[in-house]
1. So which aspartates and glutamates pass the test for Lys127, namely a Cα distance under 15 Å, with those fewer than 8 places away in the same chain ruled out?
2. Expressed as a whole percentage, what fraction of the accessible surface of segment 56-202 belongs to carbon and sulfur atoms when a 1.4 Å probe is rolled over the protein heavy atoms?
3. Per-residue counts of other Cβ atoms within 10 Å, averaged by peptide: what ranking do you get for 21-30, 163-172, highest first?
4. Considering the dipole of segment 52-123 built from charges on the beta carbon (Lys and Arg +1, Asp and Glu -1) around the Cα centre, which of Ala71, Ser53, Asn106 is farthest to its positive end?
5. What does the net charge come to around Lys137 if you take all other residues with beta carbon closer than 13 Å to its beta carbon, with K and R at +1 and D and E at -1?
6. So if I place +1 on the C-beta of Lys and Arg and -1 on the C-beta of Asp and Glu, and nothing else carries charge, what would the dipole magnitude of the chain be about its Cα centre? I want it in debye, nearest 20.
7. Considering only Cα-Cα distances, which of the following residue pairs are longer than 19 Å: Lys31/Lys57; Lys40/Lys77; Lys93/Lys152; Lys105/Lys196; Lys93/Lys196; Lys137/Lys170?
8. Using modelled amide H (1.01 Å from N, peptide plane; none on Pro or chain starts), what sits under 5 Å from the amide H of Ile136, excluding residues fewer than 5 places away?
Amino acid sequence: VAYNHNINMDINRVDLIFCDDFRAWLVNDAKSKKTGKGYKGDTVYKYFSSFGSALRKAEESKQMFSNPFNAKIAYPKKSETEIEFLTAEEVKKLRSSYDGFDLLKNAFLFMCHTGIRQGDCRNLKWKDLPIIDGEIKMKVKTQKAKTDIYFKIRWIARDLLPERKGDDDKVFPDLNFSHKNNMKLREWTLMNDIKKHVTPHIARHTFSAFMLSTGTPLY
């Protein structure tokens with residue numbers, strides 16, 4: 001509940017003031033009212049735009065008489081930060097680098113080659129990687145989007161997997177992306193002369209950039 005509004009309120013009470021309050025809530029309070037920490041630029045823009053789309057649908061279906069988004073409403077600013085990703089050469093360098101970070105290294109590179117999120121990688125179990133017709137497939141429901149993904153694991157990702165165990169055992173046991181391990185990730189990449197601000201999520205960007213560079217359709 002933001003600023004004393006609730007889910008049961010009449011949609012026709014949504015006006016410009018409500019929209020301004022909602023935008024401010026996304027920026028300042030959405031994640032934690034105690035700390036006042038909200039979402040960042042692109043996420044705020046995405047949620048605010050989705051809110052506007054929902055109001056337009058309500059207007060089209062005659063459930064809303066006056067849509068404030070028809071006015072010159074102020075949208076939140078998108079993030080101006082450039083999205084980071086690793087090049088194929090940088091990933092290759094990391095694959096052949098110092099092995100003092102085996103668990104973190106293999107999990108991070110596995111994400112680079114499969115595009116799965118860090119939460120899905122952390123919770124990945126062997127039953128999510130069934131062997132079908134002699135090939136390892138990935139068959140999981142993503143934690144964030146709740147969508148099913150199913151595809152063959154390429155050899156370059158398959159070689160990063162540890163020894164197979166029981167169906168309910170985790171593929172990367174004890175993996176976590178705590179602040180301490182994220183610092184280890186940065187240390188490992190800096191040791192390989194990669195000056196980019198590397199985080200676990202950059203692996204997902206890396207996969208996307210690689211797929212697009214090889215001609216895979218955006219959809």
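1. Within the straight-line limit of under 15 Å, Lys127 reaches these aspartates and glutamates: Glu135, Asp148, Glu163, Asp167, Asp168, Asp169.
2. C and S atoms contribute 50 percent here.
3. Values: 21-30: 17.6, 163-172: 12.6.
Result, highest mean first: 21-30, 163-172.
4. So the residue we want is Ala71.
5. Charge balance near Lys137 sits at +1.
6. 200
7. Checking Cα-Cα distances, Lys31/Lys57; Lys93/Lys152 exceed 19 Å.
8. Ile153
The values are calculated or read from the model by the stated rules, or taken from the named source; none is laboratory data. Remember, it's a predicted structure, so these values are computed and weren't measured experimentally. Methodologically, a virtual Cβ is constructed for each residue, glycine included, from the backbone with ideal geometry; neighbour enumeration extends over all protein chains shown. Calculation scope for accessible area: heavy atoms of the full protein, side chains included, ligands and nucleic acids excluded. Shrake-Rupley method; radii C 1.70, N 1.55, O 1.52, S 1.80 Å.
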